[in-house]
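For reference, the structure discussed in these notes is given below.
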Amino acid sequence: WQTENGVLLPSLQSALPFLDLHGTPRLEFHQSVFDELREKLLERVSAIALEGKVEERYKKLEDLLEKSFSLVKMPSIQPVVMCVMKHLPKVPEKKLKLVMADKDLYKACAVEVKRQIWQDNQALFGDEVSPLLKQYILEKENILFSNDISVLHNFFSPSPKTRRQGEVVQKLTQMIGKNVKLYDMVLQFLRTLFLRTRNVHYCTLRAELLMSLHDLEISEICTVDPCHKFTWCLDACIREKFVDNKRARELQGFLDGVKKGQEQVLGDLSMILCDPFAINTLALSTIRHLQDLVGQDTLPRESPDLLLLLRMLSLGQGAWDMIDSQVFKEPKMEAELITKFLPMLMSFVVDDHTFNVDQKLPSEEKGPIPYPSTIPEAFTKFLQENRIACEIGLYYILHITKQRNKNAFLRLLPALVETFSDLAFSDIFLHLLTGNLTLLGDEFALEEFCTSLFDGFFLTACSR
């Protein structure tokens, strides 16, 4: 039996007793030969998948799969069967069903085979993706709620490229591969979850996923996603934390280029603009523009760049409503935002300049001029009723805190108690505000400052 079934090499018969003298069992020898052969076979399978004419290329592999599939449950042969399936662009339906029905086989499958199973089985794909999405949201919240925070190190510090290297984005990218159908499924999951939870981190993931596929130059998907070029351009702005004139024109071109009958693209664009990183960039750019306009004696309505920033902010802020109502048109901009609210913010900037100049003038009999302490009623009203005004107002307050402008901060703080859908108590704003307040460390020694900040603002949230 041994002679008939052994490795039939004449030179081997005389060599085998040599192993016996060393006490090496025959099993060990045959096992090592088997492992060697299996390695060679695996290499050969990978090579077959790349050689010959395209139409004939996979014929050998299909035959091999036919012969070997019955042994798929044998641990020693399983890797070969899995390898053959991995290299087949289309595994026969019957085999896929058998794999799907057996948990262990499904687990052992290569991701290339799983993709073929997933694309016709949304529920199964959803089960695989769901824990990843949960993990992603948790990671975001951990950063927002961590106490290791300063002006230089906050939620918005990592660059887009660094964020895309995160575990979840990388795993999802690998699961999707070049499969447009799976990519669409993930986007559908993200839209549904965003609708259900209003959690804006899903919008971040939408953009990160597309840019991760862009980094890998997966043109199969990038060319069919109508948001690709817009996201790519916006990604560059987020990297610089500023929307410059050239990119502003590009972004405007994409928005104006949405054709009749394709308005649904706006739903996706609004989701990409709703990403907190995008809103952060747009809001910071808006504040910078307003300051420049003060220096140029120009009104907001005369600055096309500023109007474009507002247009994108309003599109991002309206993302949830647009996807929920399925009415795909840009939200209407309220004229008062441009004619009343922004000039009011500019007047605050002017108040600061005037106060600083007054301080430097030689004081005659008139005594020191106090810093203006009242806020226009209209400002508080805008923060309560207009979402975009509220967002810009909050970013202006972050800006003055970062400049250690205690006077302006204490003046505007009371306006934060009642804001549009409690934005002033949202995780992201409080995270940034706390980081910026670390710059005002000395002020915390003053009773008046602490009363205004804690009793006047933070503690008002306790009763809700």
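The values are calculated or read from the model by the stated rules, or taken from the named source; none is laboratory data. Values in this document were obtained by computation on a predicted structure and should not be read as measured data. Note: ideal-geometry Cβ built from the backbone for every residue, glycine included; neighbour counts use all protein chains shown. Each accessible area value is taken on the protein alone, full model and side chains, heavy atoms only, with ligands, DNA and RNA left out. Shrake-Rupley method; radii C 1.70, N 1.55, O 1.52, S 1.80 Å.
Observations on the structure shown:
- Flag if residue 134 is out of contact with any strand residue (DSSP E or B) (no Cβ under 7 Å at 6 or more places or on another chain), surrounded by 18 or more Cβ atoms within 10 Å (Cβ to Cβ), among the charged types (D, E, K, R) and modelled with pLDDT of 95 or more: no
- Screening residue 243 against (1) part of a helix (DSSP H, G or I); (2) open to solvent by less than 20 Å² (accessible area, probe 1.4 Å); (3) at pLDDT 95 or above leaves a single unmet condition, (1).
- Near pairs, Cβ below 6 angstrom, 6+ apart or cross-chain, from the range 254-280 (under 15 Å from residue 199 (Cβ atoms)) to any residue that is open to solvent by 10 Å² or more (accessible area, probe 1.4 Å) and assigned to a loop (DSSP other than H, G, I, E, B): 274/200; 276/200
- Any hit, the range 63-83, residues being under 21 Å from residue 180 (Cβ atoms) and acidic (Asp, Glu): no
- Scan of the range 18-40 for residues that are under 28 Å from residue 92 (Cα atoms) and free of Cβ contacts under 8 Å to residues at least 40 places away in the same chain, ordered by number: 35, 37, 39, 40
- Taking the listed residues 416, 383, 394, the one that is surrounded by 20 or more Cβ atoms within 10 Å (Cβ to Cβ), touching a helix residue (DSSP H, G or I) at 6+ places or on another chain (Cβ under 9 Å), in the same structural domain as residue 455 (by the TED database) and over 25 Å from residue 140 (Cα atoms) is 383, with no other qualifying.
- Identity of the residue in the range 62-78, touching a residue at least 12 places away in the same chain (Cβ under 8 Å) and open to solvent by 50 Å² or more (accessible area, probe 1.4 Å), that ends up farthest from residue 43 (Cα to Cα): 73
- Top-ranked residue in the range 246-265 [being part of a helix (DSSP H, G or I) and of a type outside the set (A, V, I, L, M, F, W, C); ranked as nearest to residue 176 (Cα to Cα)]: 264
- Residue match in the range 449-460 (condition: open to solvent by 60 Å² or more (accessible area, probe 1.4 Å), among the hydroxyl-bearing types (Ser, Thr, Tyr) and at pLDDT below 95): no
- Residue pairs whose Cβ atoms lie under 8 Å apart, separated by 6 or more positions or on different chains, with the first residue in the range 367-379 and in a helix (DSSP H, G or I) and the second open to solvent by 100 Å² or more (accessible area, probe 1.4 Å), are 378/340.
Matching residues to (1) surrounded by 12 or more Cβ atoms within 10 Å (Cβ to Cβ); (2) among the aliphatic types (A, V, I, L, M); (3) more than 25 Å from residue 434 (Cβ to Cβ):
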{"residue": "91", "(1), (2), (3)": "yes, yes, yes"}
{"residue": "94", "(1), (2), (3)": "no, no, yes"}
{"residue": "101", "(1), (2), (3)": "no, yes, yes"}
{"residue": "105", "(1), (2), (3)": "yes, yes, yes"}
{"residue": "108", "(1), (2), (3)": "yes, yes, yes"}
{"residue": "112", "(1), (2), (3)": "yes, no, yes"}
{"residue": "128", "(1), (2), (3)": "yes, no, yes"}
{"residue": "157", "(1), (2), (3)": "yes, no, no"}
{"residue": "164", "(1), (2), (3)": "yes, no, yes"}
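- Hey, residue 150 more than 14 Å from the chain's Cα centre (by Cα) and surrounded by fewer than 18 Cβ atoms within 10 Å (Cβ to Cβ) or not: yes
- Qualifying positions in the range 123-164 - in a helix (DSSP H, G or I) and β-branched (Val, Ile, Thr): 129, 137, 143, 162
- A single entry from 145, 125 fulfils the requirement of being touching a residue at least 60 places away in the same chain (Cβ under 8 Å), over 30 Å from residue 431 (Cα atoms) and out of contact with any strand residue (DSSP E or B) (no Cβ under 6 Å at 6 or more places or on another chain): 125.
- Residue-level check: of (1) charged (D, E, K, R); (2) over 30 Å from residue 140 (Cα atoms); (3) in contact (Cβ under 8 Å) with a residue 12 or more places away in the chain, residue 364 misses just (3).
- Of all residues in the range 293-306, those that are outside any loop (DSSP other than H, G, I, E, B) and either touching a residue at least 40 places away in the same chain (Cβ under 8 Å) or over 20 Å from residue 394 (Cβ atoms) (or both) total 9.
- Residues of the range 208-241 satisfying the condition of being touching a Leu at 6+ places or on another chain (Cβ under 7 Å) and over 18 Å from residue 181 (Cβ atoms): 230, 231, 233, 234, 241
- Scan of the range 397-413 for residues that are charged (D, E, K, R) and either open to solvent by less than 10 Å² (accessible area, probe 1.4 Å) or within 30 Å of the chain's Cα centre (by Cα) (or both), ordered by number: 402
- Selected residue (criterion: surrounded by the fewest Cβ atoms within 10 Å (Cβ to Cβ)) from residues of the range 222-234 that are touching an Asp or Glu at 6+ places or on another chain (Cβ under 9 Å) and in a helix (DSSP H, G or I): 229
- Among the criteria (1) open to solvent by less than 10 Å² (accessible area, probe 1.4 Å); (2) over 13 Å from the mean Cα position of the chain (by Cα), the one residue 213 does not fulfil is (2).
- Selection count where residues are among the aromatic types (Phe, Trp, Tyr) and open to solvent by less than 40 Å² (accessible area, probe 1.4 Å), scope the range 426-448: 1
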